[in-house]
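Novice: Before I ask anything, here is the structure I am working with.
We did not get these values from a lab; they are worked out from the coordinates using the rules stated. Just so it is clear, the model here is predicted, and its values are computed rather than measured. All Cβ positions, even for glycine, are placed from backbone atoms using ideal geometry, and neighbour counts span all protein chains on display.
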Amino acid sequence: MNVKEQFSASWTFVVSAGIFIILTVLSATGIYDVSNILFGLAKILLALTITYTSVNESKSFYKKGKYFASNRFVYGAGFLSGLWLYDAIQYLF
């Protein structure tokens, strides 16, 4: 898979990761005081987009007959999504 195919498959996650990085840089440099609600929403967005991307990619691997690889994508995304949602709940409440 070349870079163009990878980007077209995971552009939603790239955008949400970019938003999160921008919020982190703005907060760390002191340019803008980012509220915890925005960080919580950004983490929820990360969790949703990685789940969406990995489920779509696992479907394509499943169609090619790579069943073990498709399961690893879903389990890995579920683990990361759970961690990010846990952090988001801490930021929001």
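Novice: Across segment 53-78, which residue is nearest to the chain's Cα centre (by Cα) among those that are under 15 Å from residue 6 (Cβ atoms) and among the aromatic types (Phe, Trp, Tyr)?
Specialist: Per the stated criteria, the residue is 73.
Novice: For residues that are under 16 Å from residue 87 (Cα atoms) and of a type in the set (Ser, Thr, Tyr), scanning just segment 18-46, find the one that is farthest from the chain's Cα centre (by Cα). Before the answer, list the steps.
Specialist: Of segment 18-46, the ones under 16 Å from residue 87 (Cα atoms) are 20-21, 23-24, 34-46.
If we keep only those that are of a type in the set (Ser, Thr, Tyr) as well, we get 24, 35.
Values: 24: 15, 35: 20 Å.
Within segment 18-46, the match that is farthest from the chain's Cα centre (by Cα) is 35.
Novice: Right, residue 50: of a type in the set (Val, Ile, Thr) and within 19 Å of residue 5 (Cβ to Cβ) or not?
Specialist: Working: of a type in the set (Val, Ile, Thr): yes; within 19 Å of residue 5 (Cβ to Cβ): yes.
Here the answer is yes, as residue 50 does meet what is asked.
Novice: Residues being of a type in the set (Val, Ile, Thr), touching a helix residue (DSSP H, G or I) at 6+ places or on another chain (Cβ under 7 Å) and touching a residue at least 12 places away in the same chain (Cβ under 8 Å): count how many of those fall in segment 11-49.
Specialist: Adding up the residues that qualify gives 5.
Novice: Follow-up question, since we're still on this one. I need a count of the residues in segment 50-85 that are aliphatic (A, V, I, L, M), closer than 17 Å to residue 10 by Cβ and in contact (Cβ under 8 Å) with a residue 24 or more places away in the chain.
Specialist: Taking segment 50-85 first, the residues aliphatic (A, V, I, L, M) are 50, 55, 69, 74, 77, 80, 83, 85.
If we keep only those that are closer than 17 Å to residue 10 by Cβ too, we end up with 50, 55, 69, 74, 77, 80.
Remaining after also requiring in contact (Cβ under 8 Å) with a residue 24 or more places away in the chain: 50, 77, 80.
Count: 3.
Novice: Residues that are crowded, with 16+ Cβ neighbours inside 10 Å and of a type in the set (D, E, K, R): which helices (runs of 4 or more DSSP H) entirely in the chain hold 2 or more of them?
Specialist: Values: elements: 3-29, 36-63, 67-92.
The helices (runs of 4 or more DSSP H) meeting that bar are 36-63.
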